[in-house]
Amino acid sequence: MATDGVERGSPMGLRRFLEPASTASPVPDLRRFLEPKPRPAPGERCDFCTEILAPTHSHVVDVEGRSLRCACRACWFLFAPDGAAGGRYRSVPERYQHDDGFLLTDAQWETLQIPVGIAFFFVNSVGGDAVAFYPSPAGATESLLPIGIWQDLTTTNLMLQGMAPDVEALLVRRERGGPRQAFLVPIDACYELVGIIRRTWKGFDGGQEAHDAIDGFFADIAEKSRSVVTGRTS
């Protein structure tokens, strides 16, 4: 039986139905499916599920690798409980505390041998020791802690006694002739400060842009922080 004048078994009939309606080559239409899609910029997607992230998002610490991972809110909650993922990953908490009465003596600061007025400290759960870093135009630089000083600080200052390992840090700003500030902050805030200094620091003294950016960072931290009424033990 013929349909529209074409026999079903006719090669010529099949050719008519398989030929494109347009005489233009179909290759350009297929080419767009073969071209690689542009990859998103680093930090725009969750490192665990690849969900698109907002510019301001949560972080998770890779405890073994001592590195930060960007995380969507769902993955952040996934790693929030203690022992999640066998302890490999820990969600960075979001609390900020400020202690006006924080005790760090001149003698203790001198023993740290930190060449700048800003430093942050956290406990590395893998090694079980506290470590100290200070920001510089080259990045975060580690400074060895003298034996016993961290124990002295945690015994004296109540704010440190509940500080979570790996994910929270003591951030200290100590300027000559100026106020001393001590905050308990999420660890990613410290690396945010490191990034600010790397981007803005110019010349030997940093320049006005860098100092304004640092002042703005600490003003923002102070605004977020809850004040610790009793700063130290007897």
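Under 5 Å from the amide H of Ser143 lie the amide H atoms of Ala132, Phe133, Tyr134, each residue being 5 or more positions distant or on a separate chain, with H modelled from the backbone and absent for Pro and chain starts. Ranked by the mean number of other Cβ atoms within 10 Å of their residues, highest first, the peptides 69-81, 216-228 fall in the order 69-81, 216-228.
Assuming a ≥ b ≥ c are the square roots of the Cα gyration tensor eigenvalues, decide whether region 124-194 counts as rounded (a/c under 1.5), prolate (otherwise, with a/b larger than b/c) or oblate. Judged from the Cα gyration tensor, region 124-194 comes out rounded (a/c under 1.5).
Shape of region 38-92 from the C-alpha gyration tensor: prolate (a/c of 1.5 or more and a/b above b/c, with a ≥ b ≥ c the square roots of its eigenvalues). In region 85-234, Cα pairs under 8 Å separated by at least six residues give a relative contact order of 34 percent. In this calculation the C-beta distance from Arg73 to Ala107 is compared with R0 = 35 Å, giving a FRET efficiency of 0.20.
The order of His211, His57, going from fewest to most other C-beta atoms within 10 Å of their C-beta, is His211, His57. Gain on full extension, evaluated as 0.36 nm per residue between Ser136 and Glu44 minus their Cα-Cα distance, stands at 30.5 nm.
Read-outs: derived from the displayed coordinates by stated rules, not from any lab. Bear in mind the structure is a predicted one, so any value in this text is a computation, not a measurement. As a convention, Cβ positions derive from the backbone with ideal geometry for all residues, glycine included, and neighbour counts pool all protein chains shown.
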